Amino acid sequence: MKRTALRFITTTGAVALALGLAGCAGNSAPAGDGGEPAAEDVTVGVAMPTETSERWIADGNSVKDQLEEAGYSVDLQYANDDIPTQQQQIEQMITKGADILIVASIDGTALASQLESAADKGIPVIAYDRLINGTEDVNFYVTFDNYTVGVQQAQSLLRGLGYLDENYEDTGLTDKKIIELFAGSPDDNNTGFFFNGAMDTLKPYLEDGRLTVGSGQTSMDQVSTLRWDGATAQKRMEDLLTSTYNGGSGQLDGVLAPYDGISRGIITALQNAGYGKTIEEGLPVVTGQDAEIASVKYINDGVQFATIFKDTRKLATQAVEAATAYAEGTEPEANDTETYDNGVKVVPSYLLESDIVVKDNITSLLVDSGYWTEDEVASGVAE
């Protein structure tokens with residue numbers, strides 16, 4: 001009964017779903033008040049990219065906990081940033097009878113075959129924070145407003161450099177400063193949104209000469225970081241210091257970094273080159289994303305300037321709400337039906353808001369909300 005219900009959702013909609021359920025009236029499986037499968041009869045497969053980032057561990061746990069609280073069975077898998085592993089995990093979820101899939105892809109172009117199999121079995125697919133490209137077989141997308149995240153990354157850099165004040169208004173500073181740019185993984189659809197938002201924001205400062213990219217590397221191809229890997233970012237920063245900054249004696253005022261793991265790699269390279277241990281001691285301003293606890297401590301200690309807080313608890317809630325809609329025979333609520341074109345279709349999406357975290361608002365944004373505790377911020381370790 002549950003398979004029949006979910007297949008009707010993904011093909012002909014709620015009206016056909018009602019007819020399908022009527023045809024299953026003799027099935028003895030438990031059902032909800034509206035005739036849909038009871039939550040305990042629905043299995044949700046959750047595919048997460050890696051456990052090497054605390055952000056994705058938190059996402060996986062939040063999604064699993066909220067799904068189980070709603071009564072669903074959950075099959076949560078991490079793929080260790082290995083594409084074939086994620087492909088196999090999704091195939092196994094389908095084979096084992098998953099009714100709904102929530103997928104945070106490693107490579108947004110590598111899952112077309114698996115999602116076609118899901119569609120053939122009437123399994124709705126919810127893309128989680130990373131758009132899945134090149135397939136019609138993705139039904140919904142939950143994410144943050146990723147272009148705005150990029151804008152916020154650039155705004156935080158500009159604030160750290162003194163061009164914007166605490167309200168992100170122009171201060172009128174005309175000093176000329178030198179920066180470097182880093183972007184995320186080229187196979188992650190979000191990378192382009194982050195980078196474009198940031199570059200559109202930095203563009204006036206680059207055009208009027210207040211900002212200069214010392215290496216001249218300004219295209220996403222030149223500045224991307226495969227798999228968002230901190231060690232890769234550290235090596236690139238070390239190479240830039242050697243080629244452009246006399247091994248660490250040249251002027252470098254700031255670095256646009258799109259993720260906290262990348263930020264920490266950059267900071268390690270800068271500290272090792274002698275730029276100082278903190279911003280006050282001469283360390284360039286470095287941005288970030290995801291409010292990872294090690295980077296929140298860095299911000300609190302004056303080492304990293306800022307990060308972007310994307311509350312993964314809210315993202316998990318939206319994913320669970322979308323899954324619940326499919327399980328109950330309806331369509332998830334979208335607040336964006338124009339932005340996210342995956343090359344085959346525009347995927348209906350729900351976008352969430354993000355926040356810039358600097359030292360002054362760690363308590364109000366992260367501690368008071370229960371995301372991290374004061375002890376965790378002080379230690380830099382999640383308890």
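Residue check: residue 222 meets all listed conditions (1) in a helix (DSSP H, G or I); (2) at positive phi but one, namely (2). Here the strands (runs of 3 or more DSSP E) wholly within region 275-383 that include at least 1 residues being charged (D, E, K, R) and either modelled with pLDDT under 95 or touching a strand residue (DSSP E or B) at 6+ places or on another chain (Cβ under 8 Å) (or both) are 355-357. Note on region 320-374: among residues that are among the hydrophobic types (A, V, I, L, M, F, W, C), more than 20 Å from residue 153 (Cα to Cα) and in contact (Cβ under 8 Å) with a residue 12 or more places away in the chain, the one that is most open to solvent (accessible area, probe 1.4 Å) is 344.
Could we say that residue 202 is open to solvent by less than 20 Å² (accessible area, probe 1.4 Å), part of a helix (DSSP H, G or I) and either modelled with pLDDT under 95 or closer than 24 Å to residue 238 by Cα (or both) here? Judged against the criteria, residue 202 is a match. Only residues that are open to solvent by 30 Å² or more (accessible area, probe 1.4 Å) and modelled with pLDDT of 95 or more were counted across region 58-69, and they come to 6.
Which pairs have Cβ atoms under 6 Å, sit 6 or more apart or on different chains, and link a residue in region 216-243 that is closer than 17 Å to residue 188 by Cβ to one that is among the charged types (D, E, K, R) and assigned to a loop (DSSP other than H, G, I, E, B)? Listed by first residue and then by second, the contacts come to 227/81. I want to confirm something. Restricting to region 225-251 and keeping residues that are among the hydroxyl-bearing types (Ser, Thr, Tyr) and surrounded by 19 or more Cβ atoms within 10 Å (Cβ to Cβ), which single residue is farthest from residue 273 (Cα to Cα)? In this case the residue turns out to be 225. Residues in region 244-260 that are part of a helix (DSSP H, G or I) and either aromatic (Phe, Trp, Tyr) or without any contact (Cβ under 8 Å) to a residue 12 or more places away in the chain (or both): there are none. Take the residues in region 205-214 that are of a type outside the set (Gly, Ala, Ser) and part of a loop (DSSP other than H, G, I, E, B); name whichever of them is surrounded by the most Cβ atoms within 10 Å (Cβ to Cβ). Selected residue: 210.
Residues that are closer than 23 Å to residue 82 by Cα and of a type in the set (Ser, Thr, Tyr) within region 184-226 comprise 185, 191, 224, 225, listed in sequence order. For region 49-56, the criterion of a residue being surrounded by 14 or more Cβ atoms within 10 Å (Cβ to Cβ), more than 30 Å from residue 294 (Cβ to Cβ) and either modelled with pLDDT under 95 or touching a helix residue (DSSP H, G or I) at 6+ places or on another chain (Cβ under 6 Å) (or both) is satisfied by no position.
The values are calculated or read from the model by the stated rules, or taken from the named source; none is laboratory data. All values reported here derive from a predicted model rather than from experimental measurement. Heads up, the Cβs are rebuilt from the backbone with ideal geometry, glycines too, and the neighbour counts pull from every protein chain shown. Just so you know, the surface numbers come from the protein's heavy atoms only, side chains and all, with ligands and any DNA or RNA stripped out. Shrake-Rupley method; radii C 1.70, N 1.55, O 1.52, S 1.80 Å.
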